[in-house]
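Remarks on the structure that follows.
What follows is calculated from the coordinates using simple rules that are stated; it is not laboratory data. What you are looking at is a predicted structure, and each value in this text was computed from that prediction instead of being measured. FYI the Cβ positions are ideal-geometry reconstructions off the backbone, even for glycines, and counts take in every protein chain you see.
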Amino acid sequence: MAFDIVECKTMSDGERNGFVGLVIVSHSAAIAEGLAGLVAQVAGPDVPIVTAGGGPDGSFGTDGGRVLEALRQGAAGAGSGVLVDPGSAGLSVRAALGELDPETAAQLAVADAPLVEGAIAAGVTASTGAPRDAVVAAAREARSVDKL
């Protein structure tokens, strides 16, 4: 596959290409990876996507170390919008942000947005070369989009 869909794979600044990326955090690795694949289809190959899904043993849950590494990768280049599913995924992101140095944390913006719709809207917006604030705003605005 030609897209940079990874789970905590190190991406160099050269691979980041100047586009704002996405960090997707979910209790389920399958949901995080599947959503990353969907977003990559609509956003194209230029938007970097990093996922952190599932617990340390492959079960449902969150892995603080995996989340921290995903945030570090997402902070590279133009930074990233961070999308989470409800519950401990958000708590894990908050805890990990507290472990990052201020300059790294400043490269990340957490979107209070629906995970699926928000990630799609954020990915499409990022693919236009929009700045991080616009990418996160698009994710938040997805909350009010009718499906039918």
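So here's what we get for this one:
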read-out	value
Evaluated over segment 60-121, the Cα radius of gyration and Dmax, each in Å	11.1, 31
Segment 10-148: projected area of the alpha-carbon convex hull, averaged over directions, in nm²	7.7
Gaussian network model of the chain, springs between alpha carbon atoms under 10 Å - residue of 73, 41, 107 with greatest fluctuation	41
In Hz, Karplus ³J(HN,Hα) per residue of segment 60-66 (6.51, -1.76, 1.60; θ = phi - 60°; x = Gly, Pro)	6, x, 10, 10, x, x, 5
Charge sum, other residues only, whose C-beta stays under 11 Å from residue 140's C-beta, Lys/Arg counted +1 and Asp/Glu -1	-3
Relative contact order of segment 5-144, defined on C-alpha pairs under 8 angstrom at six or more residues apart (%)	28
Exposed-site-free run, longest, the chain (rule: trypsin sites (Lys or Arg not before Pro); DSSP loop; at most 16 other C-beta within 10 Å)	10-146
Helix-only CD estimate at 222 nm, as mean residue ellipticity for the chain, using -39500 (n - 2.57) per DSSP H run (n ≥ 4)	-13500 deg cm²/dmol
Summed side-chain charge close to residue 55 - residues other than residue 55 whose Cβ falls under 12 Å, Lys, Arg +1, Asp, Glu -1	-1
